[in-house]
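Structure first, commentary second.
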Amino acid sequence: MSPDAPFPQVLSAAAEGAEWAWARLYRTHAPHLLRFLASQGARDPEDLLAEVFIQIVRKLHTFTGEEGDFRAWAFRIARRRLIDAWRAEQRRPATTQEATDASHHSWHAPPADRDIDQRTAVEDILATLTVDQRAVLVLRHVHQFSVDETAAILDKTPGAVRVLQHRAVRSLRRTLATPTGWAAMAPEPGLAQA
């Protein structure tokens, strides 16, 4: 079957173990899932991504729906793996180096130093939000999920998602309204803009 096959055929082929179908599912969904896991502060987003796809392989026979439903289902699995990782991390004592690393998130494949500084500033500002607020913003604005899809991923009602988004935006406005909030986002004086 063709790698350009419609999603229902890809899903059927994947359920039967077709390598091309799994490759397409991975190519289509892995980059988005990886960005989501990294944006939520996963210590090792690549390892979590592998766990997500292992779970998808194990549970594919239980899935029914269209491609958008599959995407939401995969993100829901990613969110649950992330929560499991956070819980496991809390149960094990951290070394001094691990504690230092955990306090400063890293993004996958960071670009130039200036961009790293700006990303660090964004991470610091997003860190002022609750975990759920940050997840709602990332799912809604980075991954372009609807309110209903975001609610399904986070196991919340659509109303709760709207409230979380409203509170997150309000909190970000307050943070950015402070001198230190804007200062964190501004480039260093004297740096030429590319």
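The values are calculated or read from the model by the stated rules, or taken from the named source; none is laboratory data. Note that the structure is a prediction, hence the values are computed from the model and not measured. Virtual Cβ from ideal backbone geometry, glycine too; neighbours counted across all protein chains shown.
Remarks
- Selection status of I56, over 13 Å from L154 (Cα atoms) and β-branched (V, I, T): yes
- Restricting the search to helices (runs of 4 or more DSSP H) fully inside the range 93-194 and requiring at least 3 residues that are surrounded by 15 or more Cβ atoms within 10 Å (Cβ to Cβ), among the small types (G, A, S) and modelled with pLDDT of 70 or more gives 158-177.
- For the range 14-33, the set of residues classified as surrounded by fewer than 19 Cβ atoms within 10 Å (Cβ to Cβ) and in a helix (DSSP H, G or I) consists of A15, E19, W20, W22, A23, Y26, R27, T28, A30, P31, H32, listed by residue number.
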